[in-house]
């Protein structure tokens with residue numbers, strides 16, 4: 001589906017962004033691992049998170065309700081059922097990387113994870129290697145890709161140092177730690193999103209953080225009774241970008257998750273002099289079992305270029321394409337470094353962002369681990385291919401609203417992976433679509 005987004009004079013209104021995709025994935029998986037029913041309020045209804053619910057059903061969990069509220073009656077930590085067919089993860093990279101941590105400990109049972117063409121290009125080495133060190137038996141296609149075959153074994157705890165900060169790899173190992181003999185410690189080079197740790201703490205797991213190290217011990221069962229999913233800051237980021245780029249705009253985004261390990265983009269926007277008012281959680285080493293939320297008041301502002309350092313990347317990894325877009329409209333240069341992880345997302349996002357924005361008139365260059373943008377005050381417009389990547393599709397839409405001539409997004413339906421109502425929400429705020 002191709003959609004043209006026309007230059008827009010202003011955006012205004014109050015809107016609730018969709019529920020958090022990361023938290024929905026984790027709540028669905030931990031619900032399936034729990035022995036007692038888990039009630040999840042505001043579960044995201046989108047393609048990726050539907051894949052998680054289908055996966056846990058195939059493993060023996062019962063799922064009742066809809067996105068307003070679902071109840072998962074799980075199998076318990078050690079009783080996942082061996083399905084007759086491969087588990088289809090669709091396009092959900094989070095599911096591909098988290099689920100093996102649980103399945104690797106299902107002794108005597110075998111599971112196969114597969115997905116769409118994009119998933120088959122996303123490497124699984126970074127979960128396979130540490131899981132093998134814990135005693136897991138995994139077979140990846142060509143040594144690195146899905147389909148991924150997992151043979152359940154008895155696991156032992158490890159101390160593992162991550163080469164690249166990754167919440168997905170960290171979460172996979174913490175899931176494996178729940179059934180491994182001993183205490184597992186994962187050390188990150190810098191902090192990544194901590195939804196898994198907060199949810200495990202809420203579920204009664206003995207979990208501790210010391211600087212960049214997080215440890216979890218073996219447990220008999222999980223006691224996660226309920227989860228309330230806030231609005232997704234990564235989805236809200238596209239509305240924030242539209243609000244600060246389109247002149248005369250004023251938006252109020254309600255109940256957005258402002259966990260400090262997810263609000264990196266909002267801090268970057270503020271540093272670029274974009275107007276985003278709200279109570280963001282302050283960075284802390286303390287681990288708490290809840291997710292903070294805040295309303296965000298967003299308005300148009302004249303932007304200045306900035307430098308995004310490597311330690312900031314994990315806290316804004318999904319929103320970095322928008323930093324490139326903002327840089328096109330900012331005064332001076334915007335530079336993103338330490339973001340090589342973008343090359344193994346749903347697409348090579350560095351290439352997609354650079355080629356896509358250059359086609360709209362941007363002065364942007366790719367680097368080995370990011371990109372450099374020279375602000376020219378705006379974009380001409382034109383056409384951009386989403387490459388099947390939801391975040392590139394939505395970036396193109398926002399670019400069109402702020403451009404001089406408008407932008408046609410090729411493959412706009414990719415947005416349904418995380419934000420099915422994105423186009424309708426933009427129309428409701430006054431966008432020219």
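Coordinate-derived values only; no laboratory data. All figures in this text were calculated on a predicted structure; none of them were measured in a lab. Positions of Cβ are backbone-derived with ideal geometry, glycine not excepted, and every protein chain shown enters the neighbour counts.
Which of 386, 118 has the fewest other C-beta atoms within 10 Å, and how do the rest follow up to the most? Don't skip to the end; give the middle numbers.
Numbers: 386 26, 118 18.
Neighbour counts put them in this order, fewest first: 118, 386.
Stretch residue 287-residue 79 to full length: gain in nm at 0.36 nm per residue minus the Cα-Cα span?
Working it through step by step, the gained length comes to 72.0 nm.
Once each part is reduced to its C-alpha centroid, what is the distance from segment 370-415 to segment 288-328 in angstrom?
Using only Cα atoms to place each centre, the spacing works out to 17 Å.
Mind checking the angle between helix 21-33 and the chain's longest principal axis? C-alpha axes, 0 to 90 degrees, to the nearest 10.
Once rounded, one gets 10 degrees.
Under a GNM of the chain (C-alpha, springs under 10 Å), which listed residue has the highest mean-square fluctuation: 372, 242, 104?
372
Quick one: grab the alpha carbon gyration tensor of segment 38-89, order the square roots of its eigenvalues as a ≥ b ≥ c, and give me rounded if a/c is under 1.5, else prolate or oblate depending on whether a/b is larger than b/c.
Values: a/c = 2.81, a/b = 1.37, b/c = 2.05.
Taking the square roots of the gyration eigenvalues as a ≥ b ≥ c, segment 38-89 is oblate.
Once both axes come from the Cα atoms, what is the angle between helix 47-58 and the longest principal axis of the chain, in degrees from 0 to 90, rounded to 10?
10
When all C-alpha to C-alpha distances in segment 351-413 are sorted into bins of 5 Å, what percent of pairs does each bin hold, rounded to whole numbers?
Values per bin, smallest distances first: 4, 22, 29, 26, 15, 4, 0.
Of all DSSP beta bridges located in segment 21-217, what percent are antiparallel, nearest 5?
Numbers: 27 of 33 bridges.
So the antiparallel bridges in segment 21-217 amount to around 80 percent.
Compute from the Cα atoms of segment 97-256 the Rg and the Dmax, the latter being the longest Cα-Cα distance, and quote both in angstrom.
18.2, 62
Which of rounded, prolate or oblate describes segment 248-363 when judged by the alpha-carbon gyration tensor and an a/c cut-off of 1.5? The partial results should precede the final answer.
On the way: a/c = 1.97, a/b = 1.29, b/c = 1.53.
Oblate.
Fewest Cβ neighbours within 10 Å first, please rank 48, 88 accordingly. It would help to have the intermediate numbers written out before the result.
Values: 48 23, 88 17.
So the ranking, lowest neighbour count to highest, is 88, 48.
Angle check, please: helix 390-402 long axis (alpha carbons) against the longest principal axis of the chain (alpha carbons), in degrees 0 to 90, nearest 10.
20
What FRET efficiency comes out for the pair residue 225/residue 365, r = Cβ-Cβ distance, R0 = 51 Å, nearest 0.05?
Values: r = 50 Å, r/R0 = 0.99.
So, using R0 = 51 Å, E works out to roughly 0.50.
Given segment 1-86, what whole percent of its Cα pairs are spread farther than 17 Å?
Values: 1959 of 3655 pairs.
That tail contains 54 percent of the Cα-Cα pairs.
Sort 260, 102 so the one with the fewest other Cβ atoms within 10 Å of its own Cβ comes first. Don't skip to the end; give the middle numbers.
Values: 260 17, 102 26.
Lowest to highest Cβ neighbour count: 260, 102.
Springs between alpha-carbon atoms under 10 Å, Gaussian network over the chain: tell me which of 333, 291, 309 tops the mean-square fluctuations.
Judging by the Gaussian network model, the answer is 309.
Using only the Cα atoms of segment 286-433, build the gyration tensor, take square roots of its eigenvalues as a ≥ b ≥ c, and label the shape rounded, prolate or oblate: rounded if a/c is under 1.5, else prolate if a/b is larger than b/c, else oblate. Mind showing how you got there, number by number?
On the way: a/c = 1.29, a/b = 1.07, b/c = 1.21.
Since a/c stays below 1.5, the shape of segment 286-433 is classed as rounded.
Using a 10 angstrom cutoff on alpha carbons, build the Gaussian network for the chain and name the most mobile of 305, 361, 375.
With Cα springs under 10 Å in the chain, the top fluctuation among 305, 361, 375 is at 361.
Consider just the alpha-carbon atoms of segment 164-246 and return their Rg together with their Dmax, both in angstrom.
Just the Cα atoms of segment 164-246 yield Rg and Dmax of 15.7, 55 Å.
Hey, what number do you get for the chain at 222 nm if only DSSP H runs of n ≥ 4 count, each worth -39500 (n - 2.57), divided across all residues, to the nearest 500? Don't skip to the end; give the middle numbers.
Details: 12 runs with 125 residues, N = 433.
Result for the chain, helices only: -8500 deg cm²/dmol.
As a test of the definition: which semi-axes, in Å, follow for the chain when you take the square root of five times each eigenvalue of its alpha carbon gyration tensor? Largest first, please. Each step should come with its number before you reach the end.
Working: eigenvalues 262, 90, 85 Å².
Semi-axes (√(5λ), whole Å): 36, 21, 21.
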